[in-house]
Every structure is written in C-alpha cells, then in structure tokens.
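The values are calculated or read from the model by the stated rules, or taken from the named source; none is laboratory data. Values in this document were obtained by computation on a predicted structure and should not be read as measured data. Here the Cβ is made from the backbone with ideal geometry for all residues, glycine too, and neighbour counts use every protein chain on show.
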Amino acid sequence: MPLTKTVVITGGNAGIGFETALALAKMDYHVCLLSRNEQKAQQAVETLKEKSGNENVRYVLADLSSKVQIEAAAKIISEQFDHLDALVNNAGIWLSERTLNEEGVEVQFAVNHIAPFLLTHLLFPLLLKSEDARIVNVNSDTHFRGKIDFNDLTLSKGYNGIKSYAHSKLANCLFTYELDRKLKEKGIQNITVNALQPGLVKTDIGFKHTFSIHALVWKIRREFGVSPEEGAKTSVYLATAPEMKDISGLYWDKCESKPSSKNSYIIEDAQKMWAISKEMCGIEDYFGMRGER
Ligand SMILES: NC(=O)c1ccc[n+]([C@@H]2O[C@H](COP(=O)([O-])OP(=O)(O)OC[C@H]3O[C@@H](n4cnc5c(N)ncnc54)[C@H](OP(=O)(O)O)[C@@H]3O)[C@@H](O)[C@H]2O)c1
C-alpha cells in the first residue's frame, strides 16, 4: 500500500498558506501546519478538517523568528512523521520597524530567510525518506529590489521595511538555487527545491507589524490583488504536480517558470550567504548529505 502523502506548511493558518493547506488536505495529504499562535492554529485545523473532510490535519507551534522554537518544532515533526513529501516554506512577514530577535538577527531576515534555511535542514532526513520530496519556497517579486550588503546583514544603517523585505526574499532565492546545486552535486535525485512568487494577493500581511501609514497603503494596494485561493495555486502546483517531479532550481509565477533577479544568480553571493546562514544556525555539517536514503 502506498504511504500517505505528508506535508508541512509554515504559516498555514492564514492567507496563502491556509489555502495551500486546504488544497493539499483535499488531495488527502496528511497536513501539518507550523503556526506561531495556538488559537489561530486550532481554528485553522478545525476549518481545514471541516472543509476538506480530511481528519489528518494537525499543527505544531513555533515562532519562526526563534531558532530554539524552530528546533523544538522540527523535533516534534520528526517524531510524528516517518517521511515528508513536501515542505512548503510559506510563512513570511513584513515589518515597518527594524526589530531584532533574541540572537540579534533582524526579524524579517530571520523569518523570511533563516527559518526556511534551518527548518529545511532539520527536516531534511524526513525528506530524504520520500520517493518524491518537494521543497517549495514562497518568495516574492519584491526580491528584484533586493541587494545584499554582507557588511550589514542586520540592516543597522538606514532601515527601510520594504528594502529589508526585498533583502530577505533575495536571500531566500539565493538559498533555493544554492540548495539545488548542492542536491545535484550530491546526486540526491528524490528531492527538488523551487521558489515562487504568488503575485499580489489579498491577505492581511501588510496589517500585522506595520505603521498605520503602511497599513493604509496595503489596504488600498491589496484591493488589486487576487484571492488567497488563486495566490496558492503555484505553491500547490509545485508541491504536488506529477510533472514537477524532477524539476528543480527554478523560480515560478502562475505555474510557469521565469527568470528571477540578476542578483539572485550570483553564485559567489549564494555560497557566502549559505556559509553565513549555516553559522547563524549553528549547523556544523549542513544536511550531512550522503546522497542516500
Ligand atoms: N500577499 C501578497 O501579496 C504576497 C506577495 C508576494 C509574496 N507573498 C509571500 O507569501 C507568503 C504568505 O504570505 P500571506 O500574504 O499569505 O501573508 P499572511 O496572510 O500574513 O500569512 C502569513 C503566515 O505566516 C505566519 N507567520 C508570520 N510570521 C511568523 C512567525 N514569526 N512565526 C510563525 N509564523 C509566522 C502568519 O502567522 P499569523 O497568522 O500568526 O500572523 C501567517 O500564518 C509570505 O512568504 C509572503 O512574503 C505574499
């Protein structure tokens, strides 16, 4: 009998992540949401079960700006699952004000880049156990505006919310391509990694940690956006479509690949970002890749 398909979706309690979770629950995946808020997570799980008729929906709690909480969540997931067919690194944040986490890392960088980097590492042994595992990184075309300043990764000079968001999403894009190169180098054929842009989507992202002026701009701007269900389509496609099985290392928009920014293809930057992220996460031997299951 084939194994039940399993997926972990970060930020699956709201917006694009919730709709991604619903689509996969309807496809009979065993769905695990990674959420920072217990009440929201419980509510989302109930709604997902009700709407999909799938009882295999659960959640794990973690604030993705915290390395310790990511590690604890990954441990729980590793105890609950024996393999993982998809990891959708969806959670994302937009902050008007420069904020540092307990390790002194700027929070947009921590949530939008370091969290997917670390969680992917920690769940890698589970992904290796799948015949066809997909890592899906929810990015943004805003990364086109990103430029990495390796001398000031905490953005201490002239902080600007959008600049920081773009910077974090560019780092996530560099991570996607570097991971793809490493998977290919190591001959790991059962795991793919892709990044995507969901488009402008009518969610609450711009209301959560923003100054009232930014919230007002988002209120107007998001009216031009598509529904979260529409915005989730590319994530669902990359995580589940049979034709995506061996396709890796690309950037996607409306279920079609397209080039990402020029800066995202700078291999030197990707390698440097990888080394710095590894150090920030305190990972000695990233993935311990041995090319075997
Ligand atoms: N909306 C757009 O137009 C748009 C465009 C391009 C890219 N994106 C990307 O799409 C992804 C989903 O965003 P969305 O628009 O669906 O936003 P959203 O409705 O705000 O959903 C974001 C999800 O991430 C979670 N999250 C945020 N910070 C977290 C943290 N520190 N720890 C754990 N979970 C955290 C949120 O939890 P809470 O519910 O507790 O806040 C929520 O579940 C993000 O990566 C975003 O950058 C969105």
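For the stretch 3-52, a residue qualifies if it is touching a Phe, Trp or Tyr at 6+ places or on another chain (Cβ under 6 Å) and among the β-branched types (Val, Ile, Thr), and the qualifying residues are THR6, VAL7, VAL45.
Within the stretch 224-241, is even one residue more than 21 Å from ASN13 (Cα to Cα) and either more than 16 Å from the ligand (Cβ to nearest atom) or surrounded by 16 or more Cβ atoms within 10 Å (Cβ to Cβ) (or both)? Looking for residues that are more than 21 Å from ASN13 (Cα to Cα) and either more than 16 Å from the ligand (Cβ to nearest atom) or surrounded by 16 or more Cβ atoms within 10 Å (Cβ to Cβ) (or both), one finds at least one in the stretch 224-241, hence yes. Could you list all residues from the stretch 193-209 that are more than 8 Å from the ligand (Cβ to nearest atom) and within 17 Å of the chain's Cα centre (by Cα)? Across the stretch 193-209, the qualifying residues are VAL193, ASN194, ALA195, LEU196.
Would you say VAL236 is of a type in the set (Val, Ile, Thr), assigned to a helix (DSSP H, G or I) and under 30 Å from ASP152 (Cα atoms)? Here the answer is no, as VAL236 does not meet what is asked. Filtering LEU122, LEU155 for residues that are without any contact (Cβ under 8 Å) to a residue 60 or more places away in the chain, away from the ligand (no atom under 14 Å from the Cβ) and within 15 Å of the chain's Cα centre (by Cα) leaves a single hit, LEU122. Note on the stretch 1-21: residues that are of a type outside the set (Ser, Thr, Tyr) and touching a Gly at 6+ places or on another chain (Cβ under 9 Å) total 8.
Picking from residues in the stretch 14-36 that are of a type outside the set (S, T, N, Q) and part of a strand (DSSP E or B), the one that is farthest from the ligand (Cβ to nearest atom) is HIS30.
Within the set SER96, SER52, the sole residue that is modelled with pLDDT under 95 and in contact with a helix residue (DSSP H, G or I) (Cβ under 6 Å, 6 or more places away or on another chain) turns out to be SER96.
Of everything in the stretch 179-202, what is in a helix (DSSP H, G or I) and surrounded by fewer than 23 Cβ atoms within 10 Å (Cβ to Cβ)? Give them in sequence order.
If we filter the stretch 179-202 for residues that are in a helix (DSSP H, G or I), which is where we start, we get 179-185.
Within the stretch 179-202, ASP180, ARG181, LYS182, LEU183, LYS184, GLU185 meet the criteria.
For residues in the stretch 125-152 being assigned to a loop (DSSP other than H, G, I, E, B) and small (Gly, Ala, Ser), which is nearest to the chain's Cα centre (by Cα)? My answer is SER140.
Filter the stretch 1-13 down to residues that are in a loop (DSSP other than H, G, I, E, B) and away from the ligand (no atom under 16 Å from the Cβ) and give me whichever is farthest from the chain's Cα centre (by Cα). Ranking the candidates gives MET1 first.
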